[in-house]
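The values are calculated or read from the model by the stated rules, or taken from the named source; none is laboratory data. Just so you know, these numbers come straight off a predicted model, no measurement behind them. A quick note on method: Cβ atoms are made from the backbone with ideal geometry, for glycine too, and the neighbour counts reach across all protein chains shown.
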Amino acid sequence: MLLANIEDYIKAGRIAAEVREHMRKRYHVSRTLLDICEEAEGMIRAKGGEPAFPCNVSLNEVAAHYTAEPNDSIEVKEGDILKIDIGVHVNGSIADTAVTACYNPSYNILVEAAEHALKEAIRVARAGVKASDIGRVIEHTIKSYGLKPIQNLSGHSITRYTIHAGKSIPNIWTIGSFSLQQGEVYAIEPFVTTGDGAGVVYNGEVSNIYSIVSRKRTGSKEADTFLDMLWDRFKTLPFALRWLSDSNDVNHAREMISFLLKKKVVKAYPVLVEGNNRYVAQAEHTIVPTMEGAVVITA
Ligand code: MN
Ligand code: MN
């Protein structure tokens, strides 16, 4: 593998996999989303990594991008399907992986299809394979269950301190594509919904994950100081309000974030909701393609 920082990737991948497997085995019904996020992020830190983004805990028709608010009281209920998406970085080298916990037997098949599609995608992934061919395999596998892939969510290339580094690994066959490169890092992440789902997500009302887009001065000394603090802590990586309320008063942090959003130096990631409000499952691994096949760093 032609990765200079391969040791960091391997460590990030091992930590992410351990936390994901812990989350897979644990029974989450009656737990708050806040408790789940804090446990995942605490485990990452205890194992010597840093969260690469706030733990995503997306319920039911929310496909992605929900993280717990400070004091979030939402609980997982019997009948829910919960995507737990975990990011770990070690010196900026990122591993991204996800698992779906399902407490509704009628949706077990969504989870099975997502896991199966991921497995098939990894089977064909290697240096030189077109991303569109991976998308075709994912789409074909999901449709063989009579289910639908979410076509506007995709896997992605990963670079240092950048989770979405510009290249997309689609979950459907798409025209125009690139070939996977040896020494690059990619997340593959099929999302599955029911046959009567829209197969697309739209932006929901809630946003509680943010990242810095510019360090340009805002005209407010207080906001600039806050922005510099965010940069020191997170660089280009996403963060949550929750992470700011230990050292700052949460209302102050909320005010600062909303000002920085207005100044367009910080952006928000809205929750992504299935188009027909149907339930969604997800599976995800991070891989490094070689000529022989894919090395799964989050295995
Ligand atoms: Mn992820
Ligand atoms: Mn991802």
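The table below lists the values:
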| item | result |
| --- | --- |
| Flag if Glu69 is more than 14 Å from ligand 1 (Cβ to nearest atom), in contact (Cβ under 8 Å) with a residue 60 or more places away in the chain, surrounded by fewer than 23 Cβ atoms within 10 Å (Cβ to Cβ) and part of a loop (DSSP other than H, G, I, E, B) | yes |
| Filter result for the condition that a residue is of a type in the set (A, V, I, L, M), surrounded by fewer than 20 Cβ atoms within 10 Å (Cβ to Cβ) and in the same structural domain as Thr194 (by TED's automatic domain parsing), over Ala127, Ala98, Ala121, Ala117 | Ala127 |
| Qualifying position, being in contact with a Pro (Cβ under 8 Å, 6 or more places away or on another chain) and more than 16 Å from ligand 2 (Cβ to nearest atom), among Glu222, Glu205 | Glu205 |
| Among the candidates Ile86, Ile109, Ile81, residue that is crowded, with 16+ Cβ neighbours inside 10 Å and either under 19 Å from Glu18 (Cα atoms) or within 16 Å of ligand 2 (Cβ to nearest atom) (or both) | Ile86 |
| Cβ-Cβ under 7 Å pairs, at least 6 apart or on other chains, region 136-157 side more than 22 Å from His65 (Cβ to Cβ), far side part of a loop (DSSP other than H, G, I, E, B) and among the β-branched types (Val, Ile, Thr) | Glu139/Ile172 |
| Residue, farthest from Cys37 (Cα to Cα), within region 74-127, restricted to residues that are part of a loop (DSSP other than H, G, I, E, B) and in contact with an Asp or Glu (Cβ under 6 Å, 6 or more places away or on another chain) | Asn91 |
| Answer residue from region 276-293, given it is in contact with a strand residue (DSSP E or B) (Cβ under 6 Å, 6 or more places away or on another chain) and not hydroxyl-bearing (Ser, Thr, Tyr) and is farthest from ligand 1 (Cβ to nearest atom) among those | Arg278 |
| Scan of region 203-254 for residues that are of a type in the set (Asp, Glu) and either at pLDDT 95 or above or under 17 Å from the mean Cα position of the chain (by Cα) (or both), ordered by number | Glu205, Glu222, Asp224, Asp228, Asp232 |
| Residues located in region 264-286, provided they are among the hydroxyl-bearing types (Ser, Thr, Tyr) and either more than 14 Å from the chain's Cα centre (by Cα) or part of a loop (DSSP other than H, G, I, E, B) (or both) | Tyr279 |
| Candidate set from region 220-258 (those that are in contact (Cβ under 8 Å) with a residue 40 or more places away in the chain and assigned to a loop (DSSP other than H, G, I, E, B)); member that is surrounded by the most Cβ atoms within 10 Å (Cβ to Cβ) | Pro238 |
| Scan of region 154-169 for residues that are surrounded by fewer than 23 Cβ atoms within 10 Å (Cβ to Cβ) and within 14 Å of ligand 1 (Cβ to nearest atom), ordered by number | His156, Ser157, Thr162, Ile163, His164, Ala165, Ser168 |
| Conditions (1) assigned to a helix (DSSP H, G or I); (2) more than 22 Å from Ser245 (Cα to Cα): number failed by His28 | (1) |
| Unmet requirement for Lys264, which otherwise passes all of (1) more than 19 Å from Asn56 (Cβ to Cβ); (2) surrounded by 14 or more Cβ atoms within 10 Å (Cβ to Cβ); (3) in contact (Cβ under 8 Å) with a residue 24 or more places away in the chain | (2) |
| Count of region 90-133 residues which are away from ligand 1 (no atom under 16 Å from the Cβ) and either among the β-branched types (Val, Ile, Thr) or closer than 23 Å to Gly199 by Cα (or both) | 21 |
| Residue within region 48-64 that is of a type in the set (Gly, Ala, Ser), surrounded by fewer than 19 Cβ atoms within 10 Å (Cβ to Cβ), more than 16 Å from the chain's Cα centre (by Cα) and part of a helix (DSSP H, G or I) present | no |
| Of the criteria (1) without any contact (Cβ under 8 Å) to a residue 60 or more places away in the chain; (2) away from ligand 2 (no atom under 16 Å from the Cβ), which one Gly166 fails | (2) |
| Top-ranked residue of region 140-187 - restricted to ones that are of a type in the set (A, V, I, L, M) and touching a helix residue (DSSP H, G or I) at 6+ places or on another chain (Cβ under 8 Å), ranked as farthest from Lys119 (Cα to Cα) | Ile175 |
